[in-house]
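The values are calculated or read from the model by the stated rules, or taken from the named source; none is laboratory data. Treat the numbers as computed from the prediction; the structure is a model and nothing was measured. Cβ sites come from the backbone with ideal geometry, for glycine too, and all protein chains shown count toward neighbours.
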Amino acid sequence: MHGVSPSQSATMNKFQEGLQAQRKLVEQLRAEAAVQRLQVSECVAELIKYCDQQADGDVLITGFSKQSDNPFKEKGGCTIL
């Protein structure tokens with residue numbers, strides 16, 4: 001039985017690493033292919049419905065009922081020195 005030269009061993013290691021990387025890629029692609037996809041039109045309709053249902057409680061849409069409730073209100077005015 002003949003020994004394997006260092007260059008052949010390095011080539012075999014690179015081949016094995018490449019093969020392992022390709023197997024991982026195939027596994028990833030299979031997992032992505034198995035993900036259930038939805039039509040964009042369905043997603044948009046659901047998103048619009050959700051936004052419409054949540055609009056009443058959204059202060060970015062309705063504003064604050066009292067300015068004192070606004071945590072982003074400026075605390076003081078400008079001062080010129």
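Remarks
- In the set (1) touching a helix residue (DSSP H, G or I) at 6+ places or on another chain (Cβ under 7 Å); (2) surrounded by 10 or more Cβ atoms within 10 Å (Cβ to Cβ), Asp58 fails one condition alone, (1).
- Test: residue in the range 2-18 that is at pLDDT 85 or above and either of a type in the set (Gly, Ala, Ser) or surrounded by fewer than 10 Cβ atoms within 10 Å (Cβ to Cβ) (or both): yes
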